[in-house]
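Scroll down for the structure; my scribbles are underneath it.
The numbers here are math on the coordinates, done by the rules we state, and not lab data. In this text the structure is predicted, and so the values were computed from the model without any measurement. Don't worry about glycine lacking a Cβ; one is built from the backbone with ideal geometry, like all the others, and counts go over all protein chains shown.
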Amino acid sequence: MENGTIEQLQKKATLLRKDIVEMITAAASGHPGGSLSAADLITALYFKVLRHKPSEPEWSDRDRFILSKGHGAPALYAALARTGYFPVENLKTLRKLGSPLQGHPEKGKLVGIEASTGSLGQGVSIGAGMALAGRLDRKDYRVYVLMGDGEANEGQVWEAAMFAAHYKIDHLTVILDCNRQQLDGWTAEILDIEPLADKWRAFGWQVIDFNGHDFGQILKAFDEARRTTGKPTLLLARTTKGKGVSFMENNLEFHGVAPTTDQLQASLKELDR
Amino acid sequence: MKTKSPSEMKAAVQREKKLGLATRDAYGQVLVELGQADPRIVAVDADLSKSTKSGLFGKAFPDRFFNCGIAEANMVSVAAGLASCGKIPFASSFASFLLCKSFDQLRMSVANPSLNVKIVGSHGGISLGEDGASQQSVEDFALACALPKFTVLSPADEISCRALVRLAAEHVGPVYIRTGRPKAPIIYTGSEHFQLGRANKIVAGEDVTIIANGLLVWEALVASDLCRERGISVAVIDLHTLKPIDEAAIIAAAEETGAIVTAEEHLLSGGVASRVAQVVAEHHPVPMASVGIADTYAESGTPAELMEKYGLTAKHLVQAVESVLKRKK
């Protein structure tokens, strides 16, 4: 989308949210809560921020995007389909036998997927490697990794945080979809990882703390990341799990359970308002 | 002076043990040569580059070497990212840490998308000696072979190591190479042909075939000499590529000699014994015996003491040959 205005982005985000609940209902399994919390961030990336060519997915100068929280796959698949990587009707094959739309993204199975994720904690490291390769090749592409706050429990995330800061990988931007919940409950209760901003700053990162559902703030954060040199940037996006569907918002039941058909209809009605 | 029997004199002149470089040293040298020829070659290490010898590459190409610190999981995923953007990363650490600490990263970051990453585990087996069980690697073959599409290599000496590392760099796809800490006896002359997935028959024989890899190839050669003195003709195969396994060579050995002994510096489960047995059982069942480490971790000691205590010497191979011959029809 050219010159995506905030209003246009909001419309795209609604479209993605409808795709997400429809896909997961059709699959009868999946993770609506974490897909919906990331929907605005992924919309901003695919419709505004990323330098990419859906018709030429292997373009060597493209920005790379890794969905490290692989269970948010429906949001990514919807963005890929809606930007033209593959036909929108393929979205309904999510999680079906033989479909390239695996339950969690797999590189090599589906066009536009840059890494195989779902085993949490690996995306930041992979992204750091991609950014280093770009530096060696004197290319200016950027690498974006979207991870979860529950995912920050993984030790590898902090290994990667040390590594990217040490090597001053400023073409790496990590977006932390901080929806405050993980499978077993509230992150504050399962394994409290706050203060996240202080932790990442202490690891040598530029940190921007903002509302992950406000496109004005989202775009401003991405701009600031692009202008940051000499260190990687962590975009600490404060989000709501299940955002956009009231009965899913902050509702732990919708971490990994598909909506019923009735719940789908209610969701679509609400999103259409 | 005690007079030697004719057979003892024969054995003495037959095989002179000439120690070459450790395979880790050969790896470090050839990695530098590869780096000179191909700018896509990069290296990562986890604070063991002085021991794994990837540090030689780091000295030669500081811009293409990334020390990841003592963080193997991150290192393997970083290598995956480098590979997905066209680099040919060699990731080195001790075999035990690489396979055990970063197994999930090998699984999802590397093997799942089948990326062109070369994993080089030094200090393989127990022959690193005194550092003990935490540093020794007795399960790396089993783990590496469990990764779909991985090629798994274990060179026997510096000459085969150079050849196999070069072939690994040319091969497009994930590779695991085990190297060793101690100096390795020279097996090859340098004129032999190496091909990934094609075992090398080093000695012809009629009664039994020993199929070995790594340092056990030398022990197999000595065992074949000792057996010859006893009138037993033993063939020796260097199974430098454990995966994909050379089925044709194994089936031919079963057909020609009718009995097989395997030998490895690894647990008896999941390595040479298991993989050869699967081929033999499916295609041409013959009696087998295996030399390797029983269901245990080893301990501190000199390399020679450990190889003796854990049953990995030519003497143990001769016993295995004799036992398998009793079961041969």
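Structural remarks
- For B:Tyr188, A:Tyr46, order by how many other beta-carbon atoms lie within 10 Å, fewest first: B:Tyr188, A:Tyr46
- Amide H contacts under 5 Å for A:Ile175: A:Val145, A:Leu146, A:Met147, A:Leu235, restricted to partners 5 or more places along the chain or on a different chain, H placed in the peptide plane at 1.01 Å from N.
- Under 5 Å, built H, 5+ apart or other chain: amide partners of B:Val261: B:Thr209, B:Ile210, B:Ile211, B:Ala289
- Mean partner shielding of peptide B:105-111, defined as the number of other chain Cβ atoms within 10 Å of each residue Cβ, is 5.
- In the frame of its principal axes, the stretch B:254-305 has Cα extents of 40, 19, 11 Å, reported largest first.
- Rg and Dmax of chain A, both derived from C-alpha coordinates alone, stand at 17.2, 53 Å.
- Added length on full extension, which subtracts the Cα-Cα distance from 0.36 nm per residue, B:Leu19 to B:Lys309: 102.2 nm
- Note on B:Val78, B:Val234, B:Val175, A:Val111: ascending count of other Cβ atoms within 10 Å places them as A:Val111, B:Val175, B:Val234, B:Val78, the fewest first.
- Reach of B:Lys201 by Cα under 17 Å, taken over aspartates and glutamates that are not fewer than 8 positions away in the same chain: B:Asp157, B:Glu192, B:Glu219, B:Asp225, B:Asp238, B:Asp246, B:Glu247, B:Glu255, B:Glu256, B:Glu264
- Under DSSP loop assignment and at most 13 Cβ neighbours within 10 Å, longest GluC sites (Glu not before Pro)-free interval of chain A: A:59-273
- Built amide H within the under 5 Å cut-off of A:Gln181, gap 5+: A:Thr187
- Rounded to the nearest 500, the 222 nm mean residue ellipticity of the protein assembly as shown from helices alone is -11500 deg cm²/dmol, with -39,500 (n - 2.57) taken per DSSP H run of at least 4 residues.
- Taking the centroid of alpha carbons for each part, the stretch B:61-84 and the stretch A:207-264 are 30 Å apart.
- Using only the C-alpha atoms, the convex hull of the protein assembly as shown corresponds to 163 Å³ per residue.
- Placing +1 on the Cβ of every Lys and Arg and -1 on the Cβ of every Asp and Glu, with no other charges, gives the protein assembly as shown a dipole of roughly 980 debye about its Cα centre.
- Signed unit charges on C-beta, dipole axis of the protein assembly as shown, positive-most listed residue B:Cys85, A:Ala152, A:Leu268: B:Cys85
- Relative exposure of A:Leu235, B:Leu48, judged by other C-beta atoms within 10 Å (fewest first): B:Leu48, A:Leu235
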